[in-house]
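Working notes, structure below.
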Amino acid sequence: MLDVSGLKKTYRNAGRVVEAIADVSVHLEAGEFVCVVGPSGCGKTTLLRCLAGLLAPTEGDLTMAGRPITGPSPGTAVVFQEYGRSLLPWKTVWENVELPLRYKGLARSRRRELVTEALAAVQMEDAGAAHPWQLSGGMQQRVAIARAIAYEPQVLLMDEPFAAVDAQTRADLEDLILSVWRRYEVTTLFVTHDIDEAVYLGQRVVILSASPTVVQEDLAIGLPAERDQLTTRADPLFAELRAHVYGQIQQAKNRAARPSPTPAVGQGD
Amino acid sequence: MRAAARLVRVLGLPVALVLAWWAVTAGEDNFYFPPPTTVATTFVDVWVSGRLLDDVLPSVGRLLAGLALALAAGVGLGLLIGLSPRVRAVFEPALEFLRAIPPPVLVPVMLLVAGVGDRMKILVILSGCLWPILLNTVEGARSVDEVLGDTCRCYGIQGAARIRHLVLRAASPQIMTGIRQALSIGIILMVISEMFAASSGLGFAILQFQRGFQIPEMWSGMVVLSLIGVTLSVIFRQVERRVLAWHQGPRKRERAEGVRDA
């Protein structure tokens, strides 16, 4: 469904060429849930922005359902980390979810159907008339998720969506996104810096190296399909996978810290 | 009780000032500073009768026409300049130069170009009101939040839809600030433009009274001017409250709850 091969991204910064992503290849089957983790500044967000069509890759082939990604596509929905800056503050919850559908050319009745269903899926059916600023952070992120799924994407891209909410809200939202993923069977790429979250959510975890980024490891998560905050996190396999991912990221960091013949420059993401 | 307290707060100082004016002028017989009672009766005699139609309406009409044109041109050009760094680089130095010209200076020029009629006065008002609206729109349009911009791109909200649903709304606090500044500049220019080669209007009337030593009439004209100013500002505030509810709502909540983290 989603195919990244040989992605390379360099920035020109004050006359210097900075290599953010050296060579990343990832493949997502239809309906898969894949998490991407890596040390901070490793270009996770750059990868996601390339996949969203917001950023042109320097090299490499990015395809979705066999078609090259050249710009934002109606088959892709994105949920950003900054929920407070991704909903239009002058529109109500309902209007925020509906607006993209209008420009997708859907009829009014179909839009109403989709918005109602999406708001119900994130348990926000009563908040349609509210404005984003009247909601808590977690609720705003629910609305952003509703907007994404109402868009009926083939691919859902999420950029550290729960990094800015408190721990309890975060656990709720993790379970929510799993239920949404199962219900809509949407291919999901979930970028996070939180190792627990990556292992808890993903069927696979792609571990990126420090910048210039390559794929350090593509790890299958052999946990049962049904995840649960209590039992899954208490599973010995969970602890083992978690420790493994942690070790990989530490390794990636240390490798980056050591001096190398071509000095790598950290790229903020 | 609360409403009464608020009324006292709002009207207290104006009432005190009028009373002070009265106290100072009541006993005296100063030709240039008549007591407020005289001005009040003159006000009714002069303005409530014919002058309201003959002078106030044309003035206000020209003011509104000038403001409307300034709004259309200011927002239109402002979007064009604010959204394109290339256009901005070309226009900005020229704009800095043009806005530094005091608009009243343009009256003689406009007289030559546009004649003595309404057109000249509307052009003068436009030439003064354009800048605050234009420059604030540029500022608003260029500072649209990046994440919001990316979100709209991702969800196919492009072109005209982007301007309508994103840029105009995001820039609306700055645009409203520009309009507020334009309002006060507009009233000044309305009066000044009418002091040259005019046959009607408030500026014309006040000047005429002054030249004919009709001092209470002159003062009452100024009262009319300030009433127009107050009325426009009240209307503006109502519109602003509506347009910027999304902007003021969160701030009000923050103030009520104390400073909170995002």
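Read-outs throughout are calculated quantities, based only on the coordinates presented, and are distinct from any laboratory measurement. As the structure is a prediction and not an experimental result, all values here were calculated from the model. Positions of Cβ are backbone-derived with ideal geometry, glycine not excepted, and every protein chain shown enters the neighbour counts.
In a shell of Cβ-Cβ distance under 14 Å around B:R164, excluding B:R164 itself, what net charge do Lys and Arg (+1) and Asp and Glu (-1) give?
+3
Against chain B, whose longest principal axis is taken from its Cα atoms, helix B:245-257 shows a tilt of about 90°.
Given axes a ≥ b ≥ c from the Cα gyration tensor, I'd like to know whether the protein assembly as shown is rounded (a/c under 1.5), prolate (a/b larger than b/c) or oblate. Verdict is prolate for the protein assembly as shown. Entry note, chain B: the mean residue ellipticity at 222 nm calculated from DSSP H runs of n ≥ 4, each adding -39500 (n - 2.57), is -26000 deg cm²/dmol after division by the residues and rounding to the nearest 500. Is segment A:147-213 best put as rounded, prolate or oblate by its Cα gyration tensor, with a ≥ b ≥ c the root eigenvalues, rounded for a/c under 1.5, and otherwise prolate when a/b is larger than b/c, oblate when not? Oblate, since a/c reaches 1.5 and b/c is not below a/b. A dipole drawn for segment A:39-157 from +1 and -1 charges on Cβ atoms has a positive end, and of A:T76, A:G105, A:Q134 the residue lying farthest that way is A:G105. Of the listed pairs A:K9/A:K91; A:K8/A:K104; A:K44/A:K253; A:K104/B:K252, which have alpha-carbon separations greater than 26 Å here? Violating the 26 Å limit, Cα to Cα: A:K9/A:K91; A:K8/A:K104; A:K104/B:K252.
Shown for A:Y246, A:Y200: other C-beta atoms within 10 Å of each C-beta, ranked fewest to most, produce the order A:Y246, A:Y200. Just to confirm a number: summing +1 for Lys and Arg and -1 for Asp and Glu over residues other than B:R51 whose beta-carbon lies under 11 angstrom from that of B:R51, what do you get? Summing Lys/Arg as +1 and Asp/Glu as -1 gives -4. Can you give the longest stretch of chain B with no exposed loop site, where a site means chymotrypsin sites (Phe, Trp or Tyr not before Pro) in a DSSP loop (not H, G, I, E or B) with at most 13 other C-beta atoms within 10 Å? The segment B:33-212 is the longest one with no such site. A run of chain A free of exposed loop cleavage sites, with GluC sites (Glu not before Pro) counted only in DSSP states other than H, G, I, E and B and at most 12 other beta carbons within 10 Å, reaches its longest extent at A:30-184. Amide hydrogen proximity for A:E160: with H placed 1.01 Å from N in the peptide plane, the residues at 5 or more positions away or on another chain lying under 5 Å are A:V191, A:T192. Each of B:L83, B:C154, B:M190 was placed along the dipole of chain B (beta-carbon charges, centred on the mean Cα), and the one lying farthest toward the positive end is B:C154. Lys and Arg at +1, Asp and Glu at -1: add these up for the other residues within a Cβ distance under 10 Å of A:L54 and post the number. Local net charge: +1.
Of the residues A:A164, A:L189, A:T213, the one whose Cα sits farthest toward the positive end of the charge dipole of segment A:104-227, with +1 on the Cβ of Lys and Arg and -1 on the Cβ of Asp and Glu, is A:L189. About its Cα centre, chain B has a charge dipole of approximately 1020 debye under the convention of +1 per Lys or Arg Cβ and -1 per Asp or Glu Cβ, with nothing else charged. Here segment B:14-158 is assigned +1 on the Cβ of each Lys and Arg and -1 on the Cβ of each Asp and Glu. Its dipole about the Cα centre then comes out at about 540 debye.
How big is the charge dipole of segment A:1-103 about its Cα centre, in debye rounded to the nearest 20, if each Lys and Arg gets +1 on its Cβ and each Asp and Glu gets -1 on its Cβ?
Numbers: 10 positive and 10 negative charges, 87 e Å.
The calculation lands at about 420 debye.
Put in order of Cβ neighbour count within 10 Å, fewest first, the listed residues B:I101, A:I221 become B:I101, A:I221.
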